[in-house]
Amino acid sequence: YTLDMSILRRSCLFLRRVPMRTLTTALPTVDLRSDTVTKPSRDMLEYALTVDIGDDVYGEDPTVLELQEYMASICGKEAALYVPTGTMANLAAILAHCHGRASEIIVGQQSHICLWEGGNVSEIGSIFCRQVEEDPRNAQFDLQTVRDNTRKDIDDHWPDTKVLCLENTHNMLGGIALSPEYIKEIGTLCHEELDMAVHMDGARLMNALVSQNLDPASVLAAVDSVSICFSKALGAPLGSVL
C-alpha cells in the first residue's frame with residue numbers, strides 16, 4: 001500500500017492540537033480482543049427483569065423451555081438443552097455419543113475442543129482424542145485422512161472411533177466458515193461409510209450463517225449434534241445450547 005505523507009502530516013498536526021483526554025472521551029472504543037466482550041442490549045436487560053422464571057431442575061422454567069424448543073426447531077433437531085458454557089455443551093454431546101469405554105473421537109489439531117477445553121473428554125469420559133490436521137485454507141479435513149484415522153472395534157488394542165468433531169466457524173484458523181457442501185460430504189462419509197456420529201462445535205455458527213445467508217437447519221442436517229454459544233457476538237452475558 002502507498003502511504004500518503006500529506007495525510008499523515010495533517011493527522012499528526014491534528015493529534016498535537018487535541019488533548020488526549022478529549023479523544024478518549026469523544027471517540028467510541030471498539031474492543032476487538034474477543035467477541036465474548038459483547039454486552040446485552042437495553043431490550044435484553046429490560047426483558048430479563050420481567051421474564052417468567054421457574055425451577056429448572058423440575059423443568060418448570062418457562063423461559064428456558066421456550067428457548068430450548070425454539071433452538072431445536074430452527075436447528076431441525078429433536079431437542080435442545082440450555083447449559084452455562086460452550087465447553088460444557090461440547091462435553092455433554094461427546095459423552096452422549098460415546099456410551100462405552102475405549103471410545104475415540106476425531107478432532108482438528110487447531111480446534112477449540114483440542115486446545116482450549118482442558119482435555120475434559122479424556123479426564124471425565126476416558127475418551128481418546130485422535131488429532132487430525134485441518135487444511136489451513138478452508139479448515140476442512142481431507143476425507144481420506146479421516147478414513148485412515150478411523151478405528152473400529154475389530155482389535156482389542158484399538159479404541160472405537162465414535163465421533164468426528166467439526167468447528168464452524170473455525171476460531172484458530174481465522175474464523176473460516178465451513179462450506180455447506182463440505183459439511184454434507186463429511187456427514188455422508190461418517191454416517192454411511194464409517195458408522196460414526198458428527199458433532200459440530202458451532203460456538204460461532206451464527207456468524208457463518210449470516211456470512212453465507214443460510215438457515216441453521218439446512219447447514220445442520222448432516223450433523224448429529226451442535227453446540228451454539230449465546231455469549232459470542234449475540235450479546236448475552238453467558239449461556240450456550242446443545
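The values are calculated or read from the model by the stated rules, or taken from the named source; none is laboratory data. The structure presented is a predicted model; accordingly, all values stated were derived computationally and were not measured. Don't worry about glycine lacking a Cβ; one is built from the backbone with ideal geometry, like all the others, and counts go over all protein chains shown. Quick note on the areas: whole protein, heavy atoms, side chains included, nothing else; ligands and nucleic acids left out. Shrake-Rupley method; radii C 1.70, N 1.55, O 1.52, S 1.80 Å.
Can you run down the residue pairs with Cβ atoms below 9 Å, 6 or more apart or on separate chains, where the first is in the stretch 147-158 and open to solvent by 60 Å² or more (accessible area, probe 1.4 Å) and the partner is assigned to a helix (DSSP H, G or I) and not charged (D, E, K, R)? These pairs meet every condition: R147/L189. Going through (1) crowded, with 16+ Cβ neighbours inside 10 Å; (2) assigned to a loop (DSSP other than H, G, I, E, B) one by one, G118 falls short only on (1).
Among the residues of the stretch 83-94, at least one is outside any loop (DSSP other than H, G, I, E, B), touching a residue at least 24 places away in the same chain (Cβ under 8 Å), closer than 18 Å to S240 by Cα and open to solvent by 70 Å² or more (accessible area, probe 1.4 Å). Quick check on the stretch 49-60. Is at least one of its residues at pLDDT below 90, exposed (fewer than 12 other Cβ atoms within 10 Å of the Cβ) and assigned to a helix (DSSP H, G or I)? No, because not a single residue in the stretch 49-60 is at pLDDT below 90, exposed (fewer than 12 other Cβ atoms within 10 Å of the Cβ) and assigned to a helix (DSSP H, G or I).
Pairs meeting the criteria (first residue in the stretch 120-135 and under 17 Å from H97 (Cβ atoms), second residue part of a helix (DSSP H, G or I) and among the aliphatic types (A, V, I, L, M), beta carbons under 6 Å, at least 6 apart or on different chains) are N120/L91; V121/I94; G125/L95; I127/V121. When residues in the stretch 170-208 are screened for being more than 16 Å from F141 (Cα to Cα), open to solvent by less than 30 Å² (accessible area, probe 1.4 Å) and not in a helix (DSSP H, G or I), 2 of them pass.
Might you check whether a residue that is out of contact with any helix residue (DSSP H, G or I) (no Cβ under 9 Å at 6 or more places or on another chain), more than 22 Å from I127 (Cα to Cα) and without any contact (Cβ under 8 Å) to a residue 24 or more places away in the chain occurs anywhere in the stretch 175-187? The answer is yes, given that some residue of the stretch 175-187 is out of contact with any helix residue (DSSP H, G or I) (no Cβ under 9 Å at 6 or more places or on another chain), more than 22 Å from I127 (Cα to Cα) and without any contact (Cβ under 8 Å) to a residue 24 or more places away in the chain.
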